[in-house]
Amino acid sequence: MPGSPVTIGCQVVVTPGASGPPDTGTIVGILPPVILANGLPLATSGSICLMINSVWGFPYPVVIGPLASSGVTVAGRGLVRIGDRIPSPPGVLLVLGPPATAAVTDTWPP
């Protein structure tokens, strides 16, 4: 799914969540090396999301899976973009936004 790249603070949803219903969360960590847009590090596969369990309310980490952009990579890790659906246990992670910059759009498939 082509789209604009995202950074720390981007909202995500994982379906199914840890207890079944979808869980929401935020990208909280991007591992080096990084690429910057507008001075912000862009998320790549392997970035860390902090999810909130929708049933019990406890936080848990999710590492973004490897199936992000196939064209734009940083140290072999694909760029994460708005609209990407990335298999990341416990389910499929949907990247909602906001984008890090509207000036960059990655049109490569996952």
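Observations on the model:
- Sequence-separation-based contact order of region 9-110, relative, with Cα cut under 8 Å and 6+ spacing, percent: 29
- Put simply, the Cα atoms of region 1-88 extend 36, 23, 18 Å along their principal axes, the longest span coming first.
- Each listed q (0.14, 0.19, 0.25, 0.29 Å⁻¹) maps to a log10 I(q)/I(0) for region 37-100 from the Debye sum over equal C-alpha point scatterers, namely -0.42, -0.74, -1.14, -1.36.
- Rounded to the nearest Hz, the phi-derived 3J(HN,Hα) couplings of region 58-65 under the Karplus curve 6.51 cos²θ - 1.76 cosθ + 1.60 (θ = phi - 60°) are 8, x, 8, x, 9, 8, 5, x, where x marks glycine and proline.
- Rounded to the nearest 0.05, the FRET efficiency derived from the C-beta distance between SER70 and LEU50 at R0 = 25 Å is 0.40.
- Label-point gap, in nm, between THR26 and ASN38 - each point 7 angstrom along Cα→Cβ: 1.7
A short reminder: the numbers here are calculations on the coordinates, not readings from a lab. What you see is a predicted model; the values in this text were computed from it and never measured. Every residue, glycine among them, receives a Cβ derived from its backbone with ideal geometry; neighbour counts consider all protein chains shown.
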